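Presented below is the structure to which this report refers.
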Amino acid sequence: MQTKVRKAVLPVAGLGTRFIPASKATPKEMFPIVDKPIILHIVEEAVSAGIDTIILVTGRHKTSLEEFFDRNYELEDTLAKQNKDHLLKEVQRISKLANILSVRQKNPLGLGHAVLCAQSAIGDEPFAVLLGDEVMYGKPNVTEQLVNVYNKEKKSTVAVMEVDQSEVSKYGIAETKKNPGKMEFSEIEHLIEKPKPNETKSRLALPGRYVFTPTIFKILRELKPSKLGEIQLTDAILKLAQTEGVLAYSFNAERFDAGDRLGFVTANIEFGLKHPEISEPLKKYIKEKAEKLK
Ligand code: UTP
């Protein structure tokens, strides 16, 4: 079996209902964080973690995502004629970033189902999953951190972060074994999807970065759909934890839920403050605004 993590699945077939009307005809994954679409931030994260093949799990109205990573000869030609070399290089860099494949999820039947759609493109090897609307910023990046743990431990590993009690019901929540060695990771004992406040004491949420062994596919194929007809990734991770074992890794990075309006705006401010050209004027604007809001 191939042991290196060299492929990643990016589920991007969701309807993006939290972003209606903006997401009605444009995939939310194409919305820009400053000047890069969300999907580019995520593909770049995967590529810097050593991944060379990206499988986009797409749906209807998502063809612009495939086009974004393809060549655009007309644009390249125009930029070349206008001597806009740096823009030309950037446009060409994007189309050479990775081997980008896409598979269709014909109905959005849940995240687990989306991952299962990529099975034939992955085959029998470990792989990463990066949710198409979660933007993270860290050095090394979160996928790299997970791949490092996987390489040492040879076990499926998922990123976890502590959230406020009031946020617990929005996430898959992991209950883990006590960790006497104070390692950054611990074994998952139980997982609950969007628990009610009295259902768990844990506040360890899974925000959307994973490395799995291919065993997850066998589990996903045999899973029964939830009451809403969805195949839940959380259910499959729990089964994997009970058989092969799954590690929960407390990652070190800034994280933005860019599929949510507030998360999206915050990500734009944070990345704007890191951007070499707009950082200073943006800082000035924020300071002036903060004064007026006092
Ligand atoms: P979300 O639930 O955050 O995305 O799924 P959504 O369904 O697009 O958005 P809302 O909640 O209606 O606003 C997390 C990720 O999983 C993908 C989504 O595209 C998103 O990137 N997903 C979700 C799929 O690919 N297929 C699914 O069936 C469900």
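The values are calculated or read from the model by the stated rules, or taken from the named source; none is laboratory data. Note that the coordinates shown come from a computational prediction; the quantities given were computed from them, not determined experimentally. For neighbour counting, all protein chains shown are included, and Cβ atoms are generated from backbone atoms with ideal geometry for every residue, glycine included.
Quick notes on this structure:
- Those strands (runs of 3 or more DSSP E) lying entirely in the stretch 99-174 with at least 1 residues under 19 Å from ALA49 (Cα atoms) and small (Gly, Ala, Ser): 127-130, 156-162
- Pairing each residue of the stretch 185-210 that is without any contact (Cβ under 8 Å) to a residue 60 or more places away in the chain with any residue that is among the charged types (D, E, K, R) and assigned to a loop (DSSP other than H, G, I, E, B), provided the two are 6+ apart or on different chains, yields C-beta distances under 9 Å for GLU189/LYS177; ARG203/ASP164.
- Each residue in the stretch 19-40 was checked for being part of a loop (DSSP other than H, G, I, E, B) and either more than 11 Å from the ligand (Cβ to nearest atom) or surrounded by fewer than 21 Cβ atoms within 10 Å (Cβ to Cβ) (or both), and 10 pass.
- Pairs where the first residue, in the stretch 18-46, is closer than 23 Å to ALA128 by Cα and the second is hydroxyl-bearing (Ser, Thr, Tyr) and surrounded by fewer than 16 Cβ atoms within 10 Å (Cβ to Cβ), C-beta under 6 Å, 6+ apart: MET30/SER64
- Residue check for VAL12: within 14 Å of the ligand (Cβ to nearest atom), crowded, with 19+ Cβ neighbours inside 10 Å and of a type outside the set (Gly, Ala, Ser): yes
- Candidate set from the stretch 56-70 (those that are in a loop (DSSP other than H, G, I, E, B) and at pLDDT below 95); member that is farthest from HIS41 (Cα to Cα): ARG60
- Residues that are touching a strand residue (DSSP E or B) at 6+ places or on another chain (Cβ under 6 Å), part of a helix (DSSP H, G or I) and within 20 Å of VAL142 (Cα to Cα) within the stretch 230-250 comprise THR234, ILE237, listed in sequence order.
- Of the residues screened, VAL168 is not one that is buried (at least 17 other Cβ atoms within 10 Å of the Cβ), of a type in the set (A, V, I, L, M) and within 27 Å of PRO32 (Cα to Cα).
- If you go through the stretch 251-265 and pick out every residue that is away from the ligand (no atom under 16 Å from the Cβ) and either touching a strand residue (DSSP E or B) at 6+ places or on another chain (Cβ under 6 Å) or at pLDDT 95 or above (or both), you end up with 3.
- Some residue of the stretch 124-133 being surrounded by fewer than 23 Cβ atoms within 10 Å (Cβ to Cβ), more than 25 Å from PRO207 (Cβ to Cβ) and either near the ligand (Cβ under 10 Å from one of its atoms) or not aliphatic (A, V, I, L, M) (or both): yes
- Filtered residues of the stretch 203-229 (kept if crowded, with 19+ Cβ neighbours inside 10 Å and either modelled with pLDDT under 95 or not in a loop (DSSP other than H, G, I, E, B) (or both)): LEU204, ALA205, LEU206, ARG209, TYR210, VAL211, PHE212, ILE216, PHE217, ILE219, LEU220
- Hits in the stretch 83-123 - residues which are of a type in the set (S, T, N, Q), in contact with a Phe, Trp or Tyr (Cβ under 9 Å, 6 or more places away or on another chain) and surrounded by fewer than 17 Cβ atoms within 10 Å (Cβ to Cβ): SER95
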